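The structure under discussion appears below in the form of structure tokens.
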Amino acid sequence: MSRDQYSFTNPVEQYARVEPPVQHQPMPGVQARMTPVPDLGEATYRGSGRLAGRKALITGGDSGIGGAVAIAFAREGADVVIVHLPAEQEDAAHILGHIEKAGRKGHAIAADITDAARCRALVAEAVGVLGGLDILVNNAGKQVAVEKIADLSDEQFELTFRTNVFANFWITKAALAHMSAGASIIST
């Protein structure tokens, strides 16, 4: 069965059914240690120049959806800066390798986005590296599952909102000064 993005295939049959074992990692999880390792399109996605010359900043760009977006954007012709937690360096290096293999400029910023000043600084760093900013993808997120709301500490609740809500606000606010009409902001 072809996994080529240009072939017409039944999407139900296009991909293998995978039932990975339940896995536990301390936070933050590292994608490289998952079994099986998720498919981010490394071997299958072919770009066609849709983002030629664009400059993108992607939070949470080291793995999962953010990693897949970073690879796809690079293969579409964009230069990409990814933001990741310091503990996720291994995953970030993997994504940077694919960005550079696509012939694009790639840069990684290890940052805790729960701090407003750090969010402003990482936008400034990205703009400096890229020479501007056309696309912002607010993808980084945090969630800790608990059985009962009583088990969720005030500290964890605040950290979740600082990561998932406040950081989007701070990063978007800082990025807007560098984005012109027609630029894109994507928040997941």
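All of the numbers you see were taken from the coordinates with simple rules; none came from a lab. Here the structure is a predicted model, which means the values were calculated and not measured. Backbone-built Cβ (ideal geometry, glycine too); neighbour counts: all protein chains shown.
Values for this structure:
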| quantity | calculated |
| --- | --- |
| Complete set of residues in the range 151-163 that are in contact (Cβ under 8 Å) with a residue 24 or more places away in the chain and under 18 Å from the mean Cα position of the chain (by Cα) | 162, 163 |
| Neighbours by Cβ (under 7 Å, 6+ apart or cross-chain): first from the range 18-47, under 26 Å from residue 112 (Cα atoms); second surrounded by 14 or more Cβ atoms within 10 Å (Cβ to Cβ) and among the polar types (S, T, N, Q) | 31/63; 37/31; 38/31 |
| Residue ID - surrounded by the most Cβ atoms within 10 Å (Cβ to Cβ), chosen from residues in the range 70-97 that are charged (D, E, K, R) and in contact (Cβ under 8 Å) with a residue 40 or more places away in the chain | 91 |
| Residues satisfying the stated conditions in the range 171-188, i.e. more than 17 Å from the chain's Cα centre (by Cα) and either aromatic (Phe, Trp, Tyr) or surrounded by fewer than 16 Cβ atoms within 10 Å (Cβ to Cβ) (or both) | 173, 176, 177, 180, 181, 182 |
| Residue that is surrounded by the most Cβ atoms within 10 Å (Cβ to Cβ) [pool: residues in the range 135-150 that are within 14 Å of the chain's Cα centre (by Cα) and assigned to a loop (DSSP other than H, G, I, E, B)] | 140 |
| Positions within the range 98-134 being touching a Ser or Thr at 6+ places or on another chain (Cβ under 8 Å) and surrounded by fewer than 21 Cβ atoms within 10 Å (Cβ to Cβ), in sequence order | 114, 134 |
